[in-house]
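The values are calculated or read from the model by the stated rules, or taken from the named source; none is laboratory data. The model shown is predicted, which means the values in this text are computed figures rather than measured ones. Cβ atoms come from the backbone with ideal geometry, glycine included; neighbour counts cover every protein chain shown.
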Amino acid sequence: MDDNVISTMIFVSIGLGSLGLFAFLWGLKSGQFDDSSKFLGGALHDSEEDLNSAKKMTDKQDKIKSETKQ
Amino acid sequence: MQLSNKFSACSHCHLEFDKKTMIYESFQQKDHSFCCKGCQNVFHLLKDEGLESFYDKVGSKKLHSVNDQHASLSKFDQEGYAKKYITSKNNLHEISLIIEGIHCNACVWLNERILHHCEGIIEASINYTNHKAKITWNPKEIKLSQIIEKIQSIGYNAYAYDSHLQEERVNKVRRDYYSRLVVGIFCTMNIMWIAIAQYAGFFTGMSQSIKDILNIAEFALATPTLFYTGWFYFKGSYYGLKNAMVNMDFLIVSGTLSTYFYSIYVSLTGVGEVYFESVTMIITFIFAGKYLEVLSKKNAVDSLDGISSSIPSEQTIINSGSKKVVDTTLVQAGDIIEVRPGEKVAIDGILYKYTGNFDEASISGESNPIYKNQGDRITSGTICLDSVIQYRASKSFANSMIQSITTLLEESLSKKPKIEKIVNQISGYFSLMVLAMSLLTFIGWTMLGISFEDAFIISISVIVIACPCALGLATPVATLIGVAIGAKKGILFKTSSHLETMAKATTIVLDKTGTITNGRPDVINFVKEKDFDLNLLYSLVKSSAHPISKAIANYLENMDETVKEYQLNEIKNIEARGLKASFKNFNLLGGNAELFKEASIDLNLNSSCSVFAFSIDSKIVCFLELEDKLKTDAAITMKKIKELGLEIIMCTGDNSIVANNIAKKVGIDVVYSAMLPKDKADVVKDLQSNKKIVITVGDGINDALALSSSDIAIAMGSNTDLAVKVSDIIFINNKITTLYDAIALSKSVFNTIKQNLFFSLIYNFVTILLAVLGYVIPVVAAISMSLSSLIVVGNSIRIKRIFKNG
């Protein structure tokens with residue numbers, strides 16, 4: 001077998017695997033696995049109203065961030 | 001919702017109440033009814049805030065009715081409070097709160113929404129699983145007391161908890177360990193299939209270019225494992241060296257690090273074989289064990305938070321006739337506290353007004369409720385069962401029983417088991433010996449005049465071969481199988497190392513109630529004096545939740561399947577005496593001898609057990625004798641355990657007559673009776689100072705101290721959350737026979753471990769010798785390594801066969 005084929009296969013398979021691994025680690029760090037019931041239930045409460053409220057929250061956070069930078 | 005005509009449901013909390021007591025109002029062309037002002041206020045608040053979709057989300061679930069009496073909020077803005085609970089960052093404040101009254105997802109949604117609507121709150125997220133909230137706010141725009149007020153205004157309550165102390169930190173450590181473990185497992189899984197290709201290539205021939213590709217891939221996988229997952233061991237050996245100590249961590253680091261650099265050297269020069277897969281496997285396997293340890297520690301911490309949160313955070317104080325709600329920690333000795341039925345007592349004191357029954361099972365182990373009169377002592381942690389009482393606090397919260405038990409447990413958690421210290425010491429010597437040997441080998445061979453390169457490889461191979469693979473597997477595989485068999489038999493080991501300690505145990509300390517006995521009364525004798533309608537007795541006992549009433553109802557149901565309940569009138573619960581009711585023209589009376597004495601009805605009885613008599617129109621028609629029965633096979637189990645060579649001791653909070661009676665029946669010779677939780681712990685400590693290894697078996701908070709100070713703690717059943725959490729081994733099926741199984745299993749596992757260790761030490765001795773002499777070429781090392789591991793694993797699997805039919 002050609003060396004290139006083997007190195008490509010190993011690189012691609014381990015690369016894809018590590019993509020999954022990094023996604024999982026990111027999820028872990030950002031606390032997405034801390035509270036499974038809330039995330040499952042959260043899907044039930046997904047509405048325009050909640051989206052607006054979430055937007056308002058991020059606006060408030062952005063404002064604080066820009067204030068502290070100045 | 002279909003309701004009977006008499007009751008109607010509250011529009012907010014959905015609880016049902018008598019129609020007459022409801023508050024009615026018509027709002028937006030709809031009729032609403034409320035159980036109280038609090039619920040009505042919350043209902044309107046939600047409408048005003050545009051959050052009425054809460055009611056769609058909550059469905060028909062029932063909530064708590066809104067309590068609008070709260071302690072003063074001013075303490076939240078005091079400086080001491082802020083110092084203890086609030087952390088500040090970039091001019092923003094952050095606090096962790098526990099929110100009371102959360103039932104479902106909709107409650108979480110509502111709390112988050114109302115906080116998000118609040119000006120000045122930057123972030124608010126609530127964990128549904130443990131009801132803990134993290135809130136960040138801008139102190140210039142809003143005060144903490146206003147935030148708490150907001151939460152209270154929608155019918156919930158919040159109090160701060162100190163996240164720095166316990167759970168938060170443990171959680172963070174656990175998450176960190178978990179990511180490291182995941183990386184390790186991922187790399188090991190991938191490196192294994194590359195390694196298999198290399199093994200195959202070794203036997204069938206493989207071109208150097210393919211070898212190079214595989215080496216690079218293995219290098220890429222081994223590097224993160226060694227330096228990310230294995231970072232813990234680098235740190236450990238650094239601190240060890242700083243204190244002039246060579247520990248097991250150092251051996252792992254020096255072994256894996258030298259193997260790693262040797263493998264890099266090999267892949268660059270193309271001479272010999274690489275050992276990247278050994279590096280990842282050793283690190284990952286050892287780290288997995290470490291992770292399990294962290295996990296068990298987290299469970300223990302969770303349980304402590306659990307007890308603290310089960311203690312009510314507020315107390316009702318009576319001050320010159322008027323009631324005031326204050327924070328539990330602010331109550332002083334001498335204050336008069338009111339406790340309502342079903343509430344837990346948080347502070348020790350003396351009963352001052354009214355009388356009532358107390359459930360002391362969690363403190364003294366007494367299975368029957370205790371009737372308390374004015375002037376009697378009330379202990380924190382007990383539950384007031386049936387009446388409103390007032391008592392005078394004799395201590396502050398910090399000095400009360402429940403808080404001192406919590407503090408003691410917290411201290412015991414930070415102590416390390418003895419066995420771990422010994423293992424660390426021995427491994428220290430072992431590591432030093434191996435390092436010295438490798439160095440001597442290197443010097444020896446260079447003096448003999450072979451090349452630097454060969455001498456280096458030989459000395460490395462000494463470390464690699466000594467890096468104890470079989471030795472490392474000897475204990476974990478055997479214990480893993482032991483733990484798995486245990487789980488099938490209803491024995492849960494918190495950590496596998498307990499198997500070892502248990503096998504060496506010399507003494508068992510048993511609690512009586514709930515351990516040797518069932519922990520609840522059962523009817524043992526039923527005497528009918530006259531013929532009567534059984535349904536009357538059944539209806540009477542059905543009206544009460546007292547353990548004795550429950551036992552009788554159960555007994556009647558078993559005796560006669562056709563018993564049915566009548567609608568009795570004027571049911572009255574006479575405290576610590578019994579029950580009174582009427583049906584048609586009959587006057588029913590059921591209870592203990594005291595009750596009939598007071599009613600001047602003649603009851604001639606002499607019995608050593610609890611008696612429940614039943615009379616119709618002042619004539620005794622029957623009586624029942626009840627007793628806390630022994631568990632099935634208790635006596636046989638005790639005999640079998642004695643045959644294994646263990647000494648059995650019984651420790652109970654009950655009086656000596658009951659204790660000796662039970663002990664005689666099961667064949668226990670040493671009995672300590674009327675023991676307080678601390679006395680039990682002292683008994684355990686005395687035994688330990690006499691060089692005994694003690695197993696304690698118990699089931700309540702009253703045993704928690706003894707459990708935590710003994711070498712092995714076993715909790716029966718799932719009776720008390722706390723006892724389960726402080727214990728090392730849990731029996732799920734609540735059978736006493738499991739105790740024998742557990743001891744036999746641990747002995748068998750321990751024997752296997754000894755065989756394994758003996759074999760692997762011999763193996764290590766021989767192979768190190770061969771390696772020092774330079775006879776071990778790397779591939780032989782690899783094959784003999786896996787062969788020795790296979791022998792150890794095979795020997796351990798034998799345990800499974802022994803316990804297959806038992």
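Quick rundown of the values:
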{"item": "Conditions (1) over 21 Å from B:Ile463 (Cβ atoms); (2) at pLDDT 90 or above: number failed by B:Ala222", "result": "(1)"}
{"item": "Tabulated pairs, region A:7-28, first more than 10 Å from every other protein chain (Cβ to nearest Cβ) and part of a helix (DSSP H, G or I), second surrounded by fewer than 16 Cβ atoms within 10 Å (Cβ to Cβ) and at pLDDT 95 or above, C-beta under 8 angstrom, 6+ apart or interchain", "result": "none"}
{"item": "Residues of region B:83-103 classified as modelled with pLDDT of 80 or more and charged (D, E, K, R), total", "result": "1"}
{"item": "Any hit, region B:746-756, residues being farther than 18 Å from B:Met638 by Cβ, buried (at least 20 other Cβ atoms within 10 Å of the Cβ), at pLDDT 80 or above and among the β-branched types (Val, Ile, Thr)", "result": "yes"}
{"item": "For B:Asn373: the one exception among (1) at pLDDT below 80; (2) under 33 Å from the mean Cα position of the chain (by Cα)", "result": "(2)"}
{"item": "Selected residue (only one of B:Ser710, B:Ser689 is more than 26 Å from B:Ile657 (Cα to Cα) and at pLDDT 85 or above)", "result": "B:Ser689"}
{"item": "Subset of region B:376-415 that is among the basic types (Lys, Arg) and either crowded, with 20+ Cβ neighbours inside 10 Å or in a strand (DSSP E or B) (or both) - its residue that is modelled with the lowest pLDDT", "result": "B:Arg377"}
{"item": "Cβ-Cβ under 9 Å pairs, at least 6 apart or on other chains, region B:31-47 side in contact (Cβ under 8 Å) with a residue 12 or more places away in the chain, far side aromatic (Phe, Trp, Tyr) and in a helix (DSSP H, G or I)", "result": "B:His32/B:Phe43; B:Phe34/B:Phe43; B:Phe43/B:Tyr55; B:Leu46/B:Phe54; B:Leu46/B:Tyr55"}
{"item": "Residue match in region A:53-61 (condition: at pLDDT below 80 and more than 10 Å from chain B (Cβ to nearest Cβ))", "result": "no"}
{"item": "Positions within region B:659-698 being in contact (Cβ under 8 Å) with a residue 60 or more places away in the chain, over 13 Å from B:Leu510 (Cα atoms) and either part of a loop (DSSP other than H, G, I, E, B) or more than 28 Å from the chain's Cα centre (by Cα) (or both), in sequence order", "result": "B:Leu676, B:Lys692, B:Ile693"}
{"item": "Residue in region B:160-178 that is modelled with the lowest pLDDT, counting only those that are surrounded by fewer than 18 Cβ atoms within 10 Å (Cβ to Cβ) and within 30 Å of A:Ile10 (Cα to Cα)", "result": "B:Arg175"}
{"item": "Filter result for the condition that a residue is at pLDDT below 80, outside any loop (DSSP other than H, G, I, E, B) and either outside the structural domain of B:Ile283 (by TED's automatic domain parsing) or surrounded by fewer than 18 Cβ atoms within 10 Å (Cβ to Cβ) (or both), over B:Ala106, B:Ala133", "result": "B:Ala106"}
{"item": "Matching residues, region B:186-212, being within 12 Å of another protein chain (Cβ to nearest Cβ) and farther than 27 Å from A:Phe24 by Cβ", "result": "B:Gly201, B:Met206, B:Ser207, B:Gln208, B:Ser209, B:Ile210, B:Lys211, B:Asp212"}
{"item": "Exclusive hit being in contact with a Gly (Cβ under 6 Å, 6 or more places away or on another chain) and of a type outside the set (Val, Ile, Thr), set B:Asn105, B:Asn111", "result": "B:Asn105"}
{"item": "Residue in region B:550-604 that is nearest to B:Phe526 (Cα to Cα), counting only those that are in contact with a strand residue (DSSP E or B) (Cβ under 9 Å, 6 or more places away or on another chain) and among the hydroxyl-bearing types (Ser, Thr, Tyr)", "result": "B:Tyr555"}
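For every residue, the table says whether it meets (1) among the aromatic types (Phe, Trp, Tyr); (2) closer than 30 Å to B:Met192 by Cα; (3) under 25 Å from the mean Cα position of the chain (by Cα); (4) at pLDDT 70 or above.
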site: B:Val246; (1), (2), (3), (4): no, no, no, no
site: B:Leu251; (1), (2), (3), (4): no, yes, no, no
site: B:Ser254; (1), (2), (3), (4): no, yes, no, yes
site: B:Tyr265; (1), (2), (3), (4): yes, yes, no, yes
site: B:Phe276; (1), (2), (3), (4): yes, yes, no, yes
site: B:Val301; (1), (2), (3), (4): no, no, yes, no
